[in-house]
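This report refers to the structure that appears directly beneath it.
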Amino acid sequence: MESLSPNIFVNDITATVEFYKILGFNAVMTVPEDGDNLVWAMMTNGSVTIMFQTFESLAEELPQINRADGGSLLLYINLKDIQGFFDAVKDKVTVLKGLEKTFYGATEFSILDNNNYVLTFAEHEA
């Protein structure tokens, strides 16, 4: 195994792409390519890749893919300069837990994305 890229199913993919742009992600590939009526998008920020897809695009092929918004998925993203990143996004997103130092030496904060998923950003001491 070499990598893991979550493919997260969402109701409003256009709103999701716009939300993740606030966090510094860029859309590197979409279906369709022209950006209208998207059903899938791959976004990256540094070496982090996340894919988003509409439920409808796989409803017939994989009906097992379903859920209410949010749920038990938490994305844990390591980064550098957490204070700078926190300062850049804190007024543009819903912060669930502000910057704090953990017992295992990381500085973290958590936000809620536009699909009610929790994203925790962390910087670990060297």
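The residue of region 91-107 that is farthest from Asn78 (Cα to Cα), among those that are under 15 Å from the mean Cα position of the chain (by Cα) and touching a residue at least 24 places away in the same chain (Cβ under 8 Å), is Lys92. Candidates Glu2, Glu60, Glu18, Glu56: the one that is within 12 Å of the chain's Cα centre (by Cα) and either surrounded by fewer than 16 Cβ atoms within 10 Å (Cβ to Cβ) or of a type in the set (Gly, Ala, Ser) (or both) is Glu18. Would a scan of region 12-19 turn up a residue that is among the hydroxyl-bearing types (Ser, Thr, Tyr) and in contact with a strand residue (DSSP E or B) (Cβ under 6 Å, 6 or more places away or on another chain)? Yes; the residues of region 12-19 include at least one that is among the hydroxyl-bearing types (Ser, Thr, Tyr) and in contact with a strand residue (DSSP E or B) (Cβ under 6 Å, 6 or more places away or on another chain). Of the strands (runs of 3 or more DSSP E) lying entirely inside region 1-98, the ones with 3 or more residues being closer than 18 Å to Val118 by Cα are found at 7-10, 40-45, 48-54, 74-78. Scanning region 99-126 for residues that are of a type in the set (Asp, Glu) and not in a loop (DSSP other than H, G, I, E, B) yields a total of 3.
Throughout, read-outs are computed from the coordinates displayed, never taken from laboratory work. Here the structure is a predicted model, which is why all the values come from computation and not from measurement. As a convention, Cβ positions derive from the backbone with ideal geometry for all residues, glycine included, and neighbour counts pool all protein chains shown.
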